[in-house]
1. Can we say Tyr64 is within 13 Å of the ligand (Cβ to nearest atom), open to solvent by 10 Å² or more (accessible area, probe 1.4 Å) and part of a strand (DSSP E or B)?
2. For region 84-91, check the following and say yes or no: at least one residue is open to solvent by less than 10 Å² (accessible area, probe 1.4 Å), in contact (Cβ under 8 Å) with a residue 60 or more places away in the chain, on the phi < 0 side of the Ramachandran plot and part of a strand (DSSP E or B).
3. Mind listing whichever residues of region 1-41 are part of a loop (DSSP other than H, G, I, E, B) and more than 16 Å from the ligand (Cβ to nearest atom)?
4. Suppose the filter is in contact (Cβ under 8 Å) with a residue 60 or more places away in the chain, basic (Lys, Arg) and under 30 Å from Pro156 (Cα atoms); does Lys80 pass it?
5. Restricted to region 1-26, and to residues that are among the β-branched types (Val, Ile, Thr) and under 15 Å from Val94 (Cβ atoms), which residue is surrounded by the most Cβ atoms within 10 Å (Cβ to Cβ)?
6. Mind checking whether some residue in region 110-125 is touching a residue at least 12 places away in the same chain (Cβ under 8 Å), crowded, with 19+ Cβ neighbours inside 10 Å and not in a helix (DSSP H, G or I)?
7. Working only within region 28-50, note down all residues that are small (Gly, Ala, Ser) and exposed (fewer than 15 other Cβ atoms within 10 Å of the Cβ).
8. Among the aliphatic types (A, V, I, L, M), more than 9 Å from the ligand (Cβ to nearest atom) and touching a residue at least 12 places away in the same chain (Cβ under 8 Å): is that true of Val51 in this structure?
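The values are calculated or read from the model by the stated rules, or taken from the named source; none is laboratory data. Bear in mind that the values here come from a model prediction, so they are computed numbers and not experimental data. FYI the Cβ positions are ideal-geometry reconstructions off the backbone, even for glycines, and counts take in every protein chain you see. With ligands, DNA and RNA removed, areas are computed over all heavy atoms of the protein, side chains included. Shrake-Rupley method; radii C 1.70, N 1.55, O 1.52, S 1.80 Å.
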Amino acid sequence: MSDRTGIFAGDDPFAIARSWLTEAEKTEINDPNAIALATVDPDGLPNVRMVLLKEIEPDAFVFYTNYESAKGQELSESGKAGFVMHWKSLRRQVRVRGTVTREDGPQADAYYNSRSLKSRLGAWASRQSQPLSSRASLMADVAKITATHGTTPKRPPFWGGFRIAPLEIEFWADGAFRLHDRFVWRRRSIADPWDVDRLNP
Ligand SMILES: Cc1cc2nc3c(=O)[nH]c(=O)nc-3n(C[C@H](O)[C@H](O)[C@H](O)COP(=O)(O)O)c2cc1C
């Protein structure tokens, strides 16, 4: 696309996403890698919550969570996800839609092991998205887990990554008079080449 210049330039949408995130790391006050992750339940009712994007790989986006949480179950059921990353400081957003698979191998182990001990034990203790009778009962579970797992807990089998392989990535930047710039990269399947279109704001 001839007029795709400046912050939109390049032939690799993952490189563009990485470079926008790197810019946002300098300007956002908190969590520049926060994404609003959308799933659908079995009735098709959408569900959205924030998670932290941990990797922008050469061809995918990775975040970590509890596989038995609401989102974990919805992702496992549908195999699809969408997310948006929005930076108020840059007035830009990146939107992604695609298919998901689990990252529950050595890469998930390595990320789990890089987290603080409290977070690692917390992942064991929290039955994420299930009802909880009280804060005290959660703290009691953390104490029990600490006693049984010690200081080198293994990654829980119910906790790990999801890898989103995008079929669509849209880059949006604020423009004067609400005439924003939008470029969408689309491919029919993961194996297909990207088509890029400029969209009306
Ligand atoms: C900025 C921010 C980052 C978050 N990052 C994560 C994350 O990386 N993984 C996660 O499981 N939950 C994360 N959470 C909590 C989720 O938003 C959510 O409350 C939780 O995962 C349960 O969602 P669910 O019941 O839809 O599965 C984060 C919340 C905020 C506000």
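1. On the way: within 13 Å of the ligand (Cβ to nearest atom): yes; open to solvent by 10 Å² or more (accessible area, probe 1.4 Å): yes; part of a strand (DSSP E or B): yes.
So Tyr64 fits the description; yes.
2. Within region 84-91, one or more residues are open to solvent by less than 10 Å² (accessible area, probe 1.4 Å), in contact (Cβ under 8 Å) with a residue 60 or more places away in the chain, on the phi < 0 side of the Ramachandran plot and part of a strand (DSSP E or B).
3. Taking region 1-41 first, the residues part of a loop (DSSP other than H, G, I, E, B) are 1-5, 9-12, 28-33, 41.
Met1, Ser2, Asp3, Arg4, Thr5, Ala9, Gly10, Asp11, Asp12, listed by residue number.
4. Numbers: in contact (Cβ under 8 Å) with a residue 60 or more places away in the chain: no; basic (Lys, Arg): yes; under 30 Å from Pro156 (Cα atoms): yes.
In short, no.
5. The first filter runs over region 1-26 and keeps only residues among the β-branched types (Val, Ile, Thr), leaving 5, 7, 16, 22.
When the remaining residues are screened for being under 15 Å from Val94 (Cβ atoms), the result is 7, 16, 22.
Values: Ile7: 16, Ile16: 21, Thr22: 11.
Restricting to residues being among the β-branched types (Val, Ile, Thr) and under 15 Å from Val94 (Cβ atoms), the top hit is Ile16.
6. Scanning region 110-125 turns up no residue that is touching a residue at least 12 places away in the same chain (Cβ under 8 Å), crowded, with 19+ Cβ neighbours inside 10 Å and not in a helix (DSSP H, G or I).
7. Residues of region 28-50 that are small (Gly, Ala, Ser), as a first pass: 34, 36, 38, 44.
Answer for region 28-50, where residues must be small (Gly, Ala, Ser) and exposed (fewer than 15 other Cβ atoms within 10 Å of the Cβ): just Gly44.
8. Values: among the aliphatic types (A, V, I, L, M): yes; more than 9 Å from the ligand (Cβ to nearest atom): no; touching a residue at least 12 places away in the same chain (Cβ under 8 Å): yes.
It is false that Val51 is among the aliphatic types (A, V, I, L, M), more than 9 Å from the ligand (Cβ to nearest atom) and touching a residue at least 12 places away in the same chain (Cβ under 8 Å).
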